[in-house]
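The values are calculated or read from the model by the stated rules, or taken from the named source; none is laboratory data. As the structure is a computational prediction, the values presented were derived from the model and not from experiment. Counting neighbours? That spans all protein chains shown, and the Cβs are built from the backbone with ideal geometry, glycine included. All accessible areas refer to the heavy atoms of the entire protein, side chains included, with ligands and DNA or RNA removed. Shrake-Rupley method; radii C 1.70, N 1.55, O 1.52, S 1.80 Å.
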Amino acid sequence: MMWNFVMDYDRIFSQSLTDIREEGRYRVFMDIERKNGDFPAATWHIDGEEKDIVVWCSNDYLGMGQNPKVIKAMEEALHKVGAGSGGTRNISGTHHYHVMLENELADLHAKEAGLLFTSGYISNEASISTLAKLLPGCIIYSDELNHASMIKGVLGGNCGKRIFRHNDVEHLEQLLKESDPSVPKIILFESVYSMDGDFAPIEEFCDLAVRYNALTYMDEVHAVGMYGPRGGGVGEKRGLMDRVDIIEGTLGKAFGLMGGYIAASKDIVDCVRSFASGFIFTTSLSPVITAGAIASVRHLKESSVEREIHQERAATLKKKMKQAKLPVMPSDSHIVPLLVGDPVICKQASDTLLNDYGIYVQPINYPTVPRGTERLRFAPNPLHTNEMIEQLVDALAEVWQKLDIAKYSSAA
């Protein structure tokens, strides 16, 4: 039987792209080249030309991707074992560097075991979905602002789910009360929420977990390396790591490399290792990257200098922005969000800062944040100088006036 209908696939794809362009949500990827030893300076490659810029939105929060110890460790590993891992963890891809790093991460969070993944996204998706599938009748209670990777993990777990209002302890307890006491439960939350920069009420969540017999799963990706005496995160800073069952983190932010991990009991880690397809069927991290991560984790366990300077830089930037009457959104952490309130204007502000001032900050639009709360999200690091901060604030004040952004941010 012949079909007369012809599907116009190209039109569908083209229209999808047109729609997000018209909404101001089309993502443009910056072609940049970081300057080793001179971060946050970078080179922007555009239309066959090169322009010098200052990066203000890197997740390399402490500049550890430029740390001499990290680079030396990677160079030594490259010459010792070569470039790639050569396989999945199960088939020739478990190098001694992986084992050492997992031990370092377990020690960092005072847990029995650690498990490496190729990214923080995969560690969340694979771990959450696997745990949900292994627990019969499991219900997951997830903060409404949890990261997309956590949401994907919940969906992949094919289990019951309850969404509680952001950081709302009373709402979470209400949902827990309504559930069957006999079914397994997991409470999912982040320690620091990267778009608003606020902290979770970890202790209260743990109290509820005890009261209602639930496991706790905490995403510390924006906190590991950044908080606590040894960089164990907000959980370490508040003395609560022992109360959280599963701690998830990343190597791609404060530690300056790439990869993700979980730290938990031996049995939980072994279950994820044994059942998570996102772990089992993917090539393991390059031992070169892993060696650099070991050096970074070890350094930040011993050194608090980077954390102290970083906190001062973030506080100074917030202060300068407020003095310039710029709409800094409330943030208790190192995240510095500046409210714009319109996606098109947010992109224009980012483009103007880049083209006219050599300042690179990425616009944050829907669906990353709710409509009407579009913002510029700044991530100061210890290597941003006072001069850079002054230049940034002056440029922002001019752009705010030039684009009349106040009328959007005040209405948001």
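A few notes on this one:
- Where only alpha carbons of region 200-266 are counted, the Rg and the Dmax (Å): 12.0, 38
- Fraction in percent of alpha-carbon pairs per bin - 10 Å, region 1-56: 18, 25, 23, 18, 9, 6, 1
- Restricting attention to the chain, close to 60% of DSSP beta bridges with both partner residues there are antiparallel.
- Between region 300-320 and region 109-188, the alpha-carbon center distance in angstrom: 31 Å
- If R0 is 60 Å, the Cβ-Cβ spacing of D8 and F281 corresponds to a FRET efficiency of close to 0.95.
- Three-way shape label, region 79-125, alpha-carbon gyration tensor, a/c 1.5: oblate
- Rounded to two decimals, the Cα radius of gyration of region 53-204 over 2.2 N^0.38 Å is 1.29.
- FRET efficiency for D31 and Q391, using Cβ-Cβ distance with R0 set to 22 Å, rounded to 0.05: 0.45
- Neighbour cut-off at most 12 other Cβ (10 Å), DSSP loop, GluC sites (Glu not before Pro), region 93-178: E144, E178
- Heavy-atom surface of region 244-344, accessible at 1.4 Å and reported per residue (Å²): 38 Å²
- Kirkwood hydrodynamic radius of the chain, from inverse mean 1/r over distinct Cα pairs, in Å: 22.7 Å
- Cα gyration tensor, region 222-302 - rounded (a/c under 1.5), prolate or oblate: oblate
- The share of accessible area on region 157-269 that comes from carbon and sulfur is 46 percent, using a 1.4 angstrom probe.
- In a DSSP loop and with at most 16 other Cβ atoms within 10 Å, the trypsin sites (Lys or Arg not before Pro) in region 316-396 are K325, R371.
- Apportionment of accessible area to carbon and sulfur, region 1-141, percent (1.4 Å): 54 percent
- Hull shadow area, averaged, region 312-352 [alpha-carbon convex hull, nm²]: 3.3 nm²
- Relative packing of peptides 211-219, 13-21, 71-79 - highest average C-beta neighbours within 10 Å first: 211-219, 71-79, 13-21
- A cut-off of 5 Å between modelled amide H atoms, ignoring neighbours fewer than 5 places along the same chain, links I359 with V54, L354.
- Shape call, region 181-336: gyration tensor on alpha carbons, a/c limit 1.5: oblate
- Here the calculated FRET efficiency for E49 and D267, from their Cβ-Cβ distance with R0 = 45 Å, stands at 0.20, rounded to the nearest 0.05.
- Region 67-84 - phi-based ³J(HN,Hα) in whole Hz, Karplus 6.51/-1.76/1.60, Gly and Pro as x: 5, x, 5, 5, 5, 5, 4, 5, 5, 5, 5, 4, 6, 7, 10, x, 8, x
- The P(r) of region 1-115 has a tail past 18 Å containing 75 percent of all C-alpha pairs.
- Taking amide H as placed 1.01 Å from N in the peptide plane, the amide H of I187 sits under 5 Å from that of Y141, L215, T216, Y217, each at least 5 places away or on another chain.
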